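K.L.:
The structure that follows is given in the form of structure tokens.
The values are calculated or read from the model by the stated rules, or taken from the named source; none is laboratory data. Treat the numbers as computed from the prediction; the structure is a model and nothing was measured. Methodologically, a virtual Cβ is constructed for each residue, glycine included, from the backbone with ideal geometry; neighbour enumeration extends over all protein chains shown. For the accessible areas, the whole protein counts, side chains as well, though only heavy atoms, and no ligand, DNA or RNA atoms are used. Shrake-Rupley method; radii C 1.70, N 1.55, O 1.52, S 1.80 Å.
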Amino acid sequence: MSKSKQTLGEFIIENQASFKYTSGELSRLINSIRLAAKVVNHEVNKAGLVDIIGAAGDTNIQGEDQQKLDVYANTKFIQTMTKRNIVCGIASEEEDDFISINSQDENHQNKYVVLIDPLDGSSNIDVNVSVGTIFSIYRRITPVGTPVTIDDFLQQGNRQVAAGYIVYGTSTMLVYTTGHGVNGFTLNPAIGSFYLSHPDMQFPEDGTIYSVNEGNYIHFPKGIKNYIKYCQMEEGDRPYTSRYIGSLVSDFHRNMIKGGIYMYPKSSKNEKGKLRLLYECNPMAFLAEQANGKASDGFKRIMDIQPTELHERVPFICGSKNMVEKAEEFMRAAESE
Ligand code: AHG
Ligand code: MN
Ligand code: MN
């Protein structure tokens, strides 16, 4: 008889002892993300219905239902984490500034800040293609009991305590790390529980998939152009195959399972790239490294970059170790030409 699968709730409790600090605060935080994920999942799944119900003029359609899903997801994640009084600060793609929680209350002892991309891949919502949520968690560096400051958020990625994503795909999965490998949980929608379906996820060292928006090709740096040509060249297991969903979460998820590389380089259109360091690249980089993969800006490790702004952008190359190293080789070669 096969062993029944562990739920995410059980997994969190069982692994709490392996955290450096075992107050239970981080477990509660991950639990609240799990809860918000289910609420957002429910909404994402009926995205196509909003117009139909709205058009029928149904009275049960609230203003909230017609909100854009990224705003809805933002509100739900922030509400869940603030109402349960679990974190001391939140930064979100959808908020210009960070949010300080209970900053008036000197007794609040919360130690963690969360940075979040509530809805990643938002251009895919209207066409029924997978989207996601990305989160990154740090311990604050300012004293507990005082309002958080920008310094609590501008920490290097290598100081992350936990990071993860939810992919709202053909099935909904929550994938996360607390620095002890990467585990993936699949939602059973009938029961409303996440079950450990992908223990100890690992990027294959090599892969044959490259994911990049080739529509921007002529604007890419020479090193990236050369690497793309290398991927297309016939030799050994090449040409590689190209897959690009346009939701970082989904492209990353597929590449981690199958082996591949994701690239959003800088271009003559986006001098610094497009993806945001703090709530897109750093959490994905942490997951990648924990899964035996690699994440780079083309020259250096993503998680060693010192952030200077909440919403700063960075070129991003991430995936199977050998593929990322090959792309870096092309970047360096083009630089020294
Ligand atoms: P978001 O929806 O949070 O703004 O992020 C979209 C990001 C990322 O998920 C995706 O890989 C990339 O933008 C796609 O950009 P292009 O459409 O320029 O390829
Ligand atoms: Mn995004
Ligand atoms: Mn987003």
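K.L.:
Divide the volume of the convex hull of the Cα atoms of the chain by its number of residues and quote the answer in cubic angstrom per residue.
P.N.:
Taking only Cα atoms, the chain has a hull volume of 157 Å³ per residue.
K.L.:
For every helix of n ≥ 4 consecutive DSSP H residues, a contribution of -39,500 (n - 2.57) applies; sum these over the chain, divide by its total residues, and give [θ] at 222 nm rounded to the nearest 500 deg cm²/dmol.
P.N.:
It comes out at -9000 deg cm²/dmol, rounded to the nearest 500.
K.L.:
Say the cut-off is 31 Å between C-alpha atoms; which of K272/K294; K38/K300; K225/K258 go over it?
P.N.:
K38/K300
K.L.:
While we're here: So if the hydrodynamic radius of region 209-336 is defined as the Kirkwood radius over C-alpha pairs, what does Stokes-Einstein give as its diffusion coefficient at 37 °C and 0.692 mPa s, in µm² per second?
P.N.:
227 µm²/s
K.L.:
Taking amide H positions as placed in the peptide plane 1.01 Å from N, state which residues far from S193 in sequence (5 or more) or on other chains have amide H under 5 Å from it.
P.N.:
N188
K.L.:
Now a separate question. Taking Cα centroids, how far is region 154-219 from region 312-337 in Å?
P.N.:
Taking the Cα centre of region 312-337 as reference, the centre of region 154-219 is 21 Å away.
K.L.:
Multiply the residue separation of K269 and E214 by 0.36 nm, subtract the distance between their alpha-carbon atoms, and state the gained length in nm to one decimal.
P.N.:
That pair, K269 and E214, stretches by 18.5 nm at full extension.
K.L.:
Which distance in nm do the two modelled labels at K5 and K326 give, with both placed 7 Å along the Cα-to-Cβ direction?
P.N.:
Output for this residue pair reads 3.3 nm.
K.L.:
Let me ask something else. Could you tell me the calculated FRET efficiency between H42 and D126, based on Cβ-Cβ distance and R0 = 25 angstrom, to the nearest 0.05?
P.N.:
0.85
K.L.:
OK, next. Which residue, I166, I90, I12, has the most motion in a Gaussian network model of the chain that connects Cα atoms within less than 10 Å?
P.N.:
Maximum among the listed residues: I12.
K.L.:
A further question follows. Write down the accessible area per residue of region 149-241 in Å², having rolled a 1.4 Å probe over the full set of protein chains.
P.N.:
Result: 42 Å² of accessible area for each residue.
K.L.:
Sketch the reach of a paramagnetic label on H311 as a point 7 Å from Cα along Cα-to-Cβ, and name the residues of region 263-282 whose backbone nitrogen lies under 18 Å away.
P.N.:
270-282
K.L.:
Same structure again: Give the residue from L49, N102, Y227 lying farthest towards the positive end of the charge dipole for the chain; charges sit on Cβ (+1 for Lys and Arg, -1 for Asp and Glu) and the dipole is referred to the Cα centre.
P.N.:
Highest projection toward the positive end goes to Y227.
K.L.:
So how strong a dipole does region 209-336 carry about its Cα centre when Lys and Arg Cβ are +1 and Asp and Glu Cβ are -1, to the nearest 20 debye?
P.N.:
My answer is approximately 180 debye.
K.L.:
Taking a 1.4 Å probe, which of V161, V175 shows the most accessible area, and what order do the others take after it?
P.N.:
Reading off the accessible areas and sorting them downward yields V161, V175.
K.L.:
Now a separate question. Along Cα→Cβ, 7 Å out, is where each label goes; now give me the distance between the ones at K225 and T146 in nm to one decimal.
P.N.:
In this crude label model, K225 to T146 measures out at 5.1 nm.
K.L.:
If I build a Gaussian network model for the chain, linking alpha-carbon pairs within less than 10 angstrom, which residue out of D237, D200, D151 has the largest mean-square fluctuation?
P.N.:
In the Gaussian network model the winner is D237.
K.L.:
Given a Förster distance of 25 angstrom, what is the FRET efficiency for A333 paired with Q232, based on the Cβ-Cβ distance and rounded to 0.05?
P.N.:
0.90
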